[in-house]
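Before any comments, here is the structure.
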Amino acid sequence: MTTDLLIFFGLAAVAIWTAVCTLLSRNAVYSALFLVLNFLTVAVFFLLLQAAFIALVQVTVYAGAIMVLFLFVIMLLGAERVETQPSLPWQAPVAAGLTVVLFGLMALAFALSPASPGAGPSPSDAFGSPAAVGEVLFRDYLLPFEVTSILLLVAMVGAIVLTRRPRPKETP
Amino acid sequence: MNVPTGYIVGLSAVLFALGVLGVLVRRNAIVMFMSVELMLNAANLALIAFARQRAELSGQVFVFFIIGVAAAEVAVGLALIVAIFKTKHSIDVDQVSGLRG
């Protein structure tokens, strides 16, 4: 139990530190790299919470594909450090206050919620393995899975349409 | 890892609040977008924790769908940012006021 708590608090410190660095870095490339670290830390959490398949998906899709896309766009635009002076000087303090209020509300909701029903049934060793997740995915959630594939296709078409060059006027 | 689910949900809440702070404070559109990803990831962490507590695989399948939808969202969002940069030569969200009446 003590070792588990030590692992938890160490990983949590890394996750929160990388998240804060993501927000504070002046250079967007550093932000993206800190975010990759954050995603990897969360993937370790997934592994420790018996979600091996989701941890692998997190590493390949999030930390791999999505962050490569981010870095690619940052470097394509050369938009590492385009932060101008804030036009609203009171924006940052108000935002920080609102965030503290939001966090307080979440803590309140957590404190007021009924006590959790104990540890519940202890999951077996196969819980979260690719075979188990795949069985649930393709048996109970087949339609959402297919809808997700259509969504990805639509997103791909949308990205291409949004970024293509305007076609020159066709001469008759 | 034998840690109470409450601790993990608390960490998820902290990460979510940090994501909200990033969206509200930063004005670089790409960094704001990364903060949105941070929030999605915090929600995933809470879902995985609950899935473990209930020994119910549906939570993990939901996280799988969230990751898929996030991939689609990132593709479209970054395409929008590239399109905005082409016309405005800036991705500062204060400059994108074309819809102001």
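The values are calculated or read from the model by the stated rules, or taken from the named source; none is laboratory data. Keep in mind that what you see is a predicted model, and the values were worked out from it rather than measured. Positions of Cβ are generated from backbone atoms using ideal geometry, with glycine treated the same way; all protein chains shown enter the neighbour counts.
Note on region B:59-69: residues that are facing chain A (nearest Cβ under 7 Å) and farther than 16 Å from residue A:126 by Cβ total 6.
Of the residues making up region A:139-160, at least one is at pLDDT 90 or above, surrounded by fewer than 12 Cβ atoms within 10 Å (Cβ to Cβ), acidic (Asp, Glu) and not assigned by TED's automatic domain parsing to the domain that holds residue A:18.
Find the helices (runs of 4 or more DSSP H) located wholly in region A:1-106 whose residues include 1 or more that are within 21 Å of residue B:81 (Cβ to Cβ), and list them. Can you show your working first?
Details: elements: A:2-24, A:28-48, A:52-57, A:67-77.
Per the criteria, A:2-24, A:28-48, A:67-77.
Let's see how each residue does on (1) in contact with a Leu (Cβ under 7 Å, 6 or more places away or on another chain); (2) in contact (Cβ under 8 Å) with a residue 24 or more places away in the chain:
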position	(1), (2)
A:17	no, no
A:23	yes, no
A:26	no, yes
A:41	yes, yes
A:52	no, yes
A:79	no, yes
A:88	no, no
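Just to be sure before I move on: is residue B:97 surrounded by 22 or more Cβ atoms within 10 Å (Cβ to Cβ) and more than 7 Å from chain A (Cβ to nearest Cβ) in the structure I sent? Criteria not met by residue B:97. Over 29 Å from residue A:80 (Cα atoms) and not in a loop (DSSP other than H, G, I, E, B): is that true of residue B:50 in this structure? Considered against the rule, which asks whether it is over 29 Å from residue A:80 (Cα atoms) and not in a loop (DSSP other than H, G, I, E, B), residue B:50 comes out as yes. The residue list B:82, B:9, B:3, B:61 contains one member that is in a helix (DSSP H, G or I), under 17 Å from residue A:51 (Cβ atoms) and over 17 Å from the mean Cα position of the chain (by Cα), which is B:61.
Looking across region B:38-50, the residues that are crowded, with 23+ Cβ neighbours inside 10 Å and either closer than 13 Å to residue A:19 by Cα or more than 8 Å from every other protein chain (Cβ to nearest Cβ) (or both) come down to B:38, B:41, B:42.
Condition first: in a helix (DSSP H, G or I), of a type in the set (A, V, I, L, M) and loosely packed, with under 13 Cβ neighbours inside 10 Å. Now tell me which residues in region A:125-138 satisfy that. Within region A:125-138, just A:131 meets the criteria.
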